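Asker: Please find one structure pasted underneath; my questions will follow.
The values are calculated or read from the model by the stated rules, or taken from the named source; none is laboratory data. Everything numeric here is computed off the predicted structure, so don't read it as measured data. FYI the Cβ positions are ideal-geometry reconstructions off the backbone, even for glycines, and counts take in every protein chain you see.
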Amino acid sequence: MVGTNKLLTSPTTRLEVAGSARKTEVAQHLDDAIIAAATQSAINAWAGAGLNSADLAKLQKVKVSVRDLNASGANPNLLGAQVSEAQIVLDDNAAGRGWSVRTSGEMKANRVDLISAIAHELGHVLGLDHTPVAADVMAEQLAVGERHLPTAADLAAIDALFATDDPATL
Ligand SMILES: [Zn+2]
């Protein structure tokens with residue numbers, strides 16, 4: 001958790017949907033505008049938690065792409081992953097549950113919140129690992145109908161990534 005700085009993807013940095021709601025294999029309409037709007041909302045959530053301008057600029061450069069992450073059958077619950085330092089990928093239909101793509105008002109209660117999933121993957125870009133608290137943005141599962149946004153505690157965890165490093169020497 002805190003003190004490690006895993007930037008590249010590994011099995012432990014993948015976001016999964018919780019539970020076993022009814023699934024569909026129907027592809028969802030997710031165009032660039034929808035992804036851009038949800039990504040900006042996720043970045044705004046990090047800004048709202050107090051993220052500094054340098055890190056916000058880093059998040060603005062992250063490339064977000066969409067593909068069918070469940071096609072192989074290896075992980076039917078996979079929602080998203082960080083695939084490189086500045087690139088994240090999201091499943092095309094929220095592991096069959098469907099994304100809630102709304103960026104204002106309430107999310108759709110029977111879907112998976114796209115903003116929360118992007119905010120989670122952006123947390124990995126910032127160096128965060130998963131936390132064991134189910135309500136945290138960095139929890140490794142996101143349940144249908146739930147929204148998990150960054151908090152001041154997540155910012156403290158980012159600060160701790162650097163605070164625990166050895167003293168710098170010149
Ligand atoms: Zn993750």
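Asker: Taking region 69-115 as the search range and keeping residues that are among the polar types (S, T, N, Q) and closer than 19 Å to residue 150 by Cβ, which one is nearest to the chain's Cα centre (by Cα)? Step through it out loud before you land on a result.
Answerer: Narrowing region 69-115 to residues among the polar types (S, T, N, Q): 70, 72, 75, 77, 82, 84, 87, 93, 100, 103-104, 110.
Pick out the ones that are also closer than 19 Å to residue 150 by Cβ and you get 82, 100, 103-104.
Details: 82: 8, 100: 14, 103: 15, 104: 18 Å.
Across region 69-115, the extreme among qualifying residues is 82.
Asker: Of 70, 93, 75, which residue is within 13 Å of the ligand (Cβ to nearest atom) and modelled with pLDDT under 95? Walk me through it before giving the result.
Answerer: Working: 70 fails: within 13 Å of the ligand (Cβ to nearest atom); 93 fails: within 13 Å of the ligand (Cβ to nearest atom).
Answer to the check: 75.
Asker: Applying the selection to region 102-131, what residues are without any contact (Cβ under 8 Å) to a residue 40 or more places away in the chain and assigned to a loop (DSSP other than H, G, I, E, B)?
Answerer: Scanning region 102-131 gives 102, 104, 105, 106, 108, 109, 111, 128.
Asker: Specify which of the listed residues (81, 134, 95, 143) is touching a strand residue (DSSP E or B) at 6+ places or on another chain (Cβ under 8 Å), buried (at least 20 other Cβ atoms within 10 Å of the Cβ), over 17 Å from residue 38 (Cα atoms) and among the aliphatic types (A, V, I, L, M).
Answerer: Only one candidate qualifies: 95.
Asker: Among the numbered conditions (1) within 22 Å of residue 52 (Cα to Cα); (2) without any contact (Cβ under 8 Å) to a residue 24 or more places away in the chain, tell me where residue 135 comes up short.
Answerer: That leaves (1) as the condition not met.
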